[in-house]
Structure formats: structure tokens, C-alpha cells
Amino acid sequence: MTLELTGLMLYSMWVVLGLMGLSFLVGLYHSLKAGTFSSSLILTYLQDLLFYVFPLFLLANMTSLDPTGWILLIAYYVGALGVVLKYLASLKK
């Protein structure tokens, strides 16, 4: 099996990773500005990669196993939308 990020799946992954990076940079800026830099910022970012991005890659990889062709796509897009909304809410506060 190979990783299949096609069409909107690729763009949604770029949005997810872009918002994660932006959130990381904003958090890094705030921690450096306050002078309270700790490794928990980096560890939280790595944990989010494991908890949010890795399952999306698994869903993208399993789309060839879906007999209907749309059930796992819907799960992928709902998951990506959830991650995007989480990071938009965290950037807002």
C-alpha cells in the first residue's frame, strides 16, 4: 500500500500542517517574549503530530480498502476539519 493523498485530501493536509506550524510559531514567539521557554512546547507539537496527523495519514492509506470509496474519505475530511477548527480556536485565544 502506498500513501494516497489526492485532490482535496492533499490540500486539507497542507492546511492542517500549516495551521499546526503557525500555532507552533505563535506559541514559540509568546514563550520567547515572556522568557519562559520550555521543552513542553516542542513536545506538545510532536504529540499533536502523533494524535492528529498520523491518524489522517492512516485514513488516507486505507482508502483503497474501502469498497464504497467514500466512507473513509468522509472520515478523513471530518477529521481534518476537526483539527483545523481546533487550531483556529487555539490561535483565536
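Report whether or not L8 is without any contact (Cβ under 8 Å) to a residue 40 or more places away in the chain and either open to solvent by 70 Å² or more (accessible area, probe 1.4 Å) or aliphatic (A, V, I, L, M) (or both). Here the answer is no, as L8 does not meet what is asked. Checking each residue in the range 62-75 for being surrounded by 10 or more Cβ atoms within 10 Å (Cβ to Cβ), more than 14 Å from G7 (Cα to Cα) and among the polar types (S, T, N, Q) picks out only S64. Every condition in (1) loosely packed, with under 11 Cβ neighbours inside 10 Å; (2) touching a residue at least 40 places away in the same chain (Cβ under 8 Å) holds for L22 except the one numbered (1).
L56 meets each of the listed conditions (1) in contact (Cβ under 8 Å) with a residue 12 or more places away in the chain; (2) open to solvent by 80 Å² or more (accessible area, probe 1.4 Å); (3) not aromatic (F, W, Y) apart from (2).
Close contacts from the range 33-49, counting a first residue that is farther than 20 Å from Y87 by Cβ and a second that is open to solvent by 70 Å² or more (accessible area, probe 1.4 Å) and of a type outside the set (A, V, I, L, M), with Cβ to Cβ under 6 Å and a gap of 6+ residues or different chains, come to none at all. For the range 13-29, a residue qualifies if it is within 15 Å of L59 (Cα to Cα) and modelled with pLDDT of 90 or more, and exactly one does: V16.
The values are calculated or read from the model by the stated rules, or taken from the named source; none is laboratory data. Since this is a predicted model, take the numbers as computed values, not measurements. Here the Cβ is made from the backbone with ideal geometry for all residues, glycine too, and neighbour counts use every protein chain on show. SASA here: full protein model, heavy atoms, side chains in, ligands and nucleic acids out. Shrake-Rupley method; radii C 1.70, N 1.55, O 1.52, S 1.80 Å.
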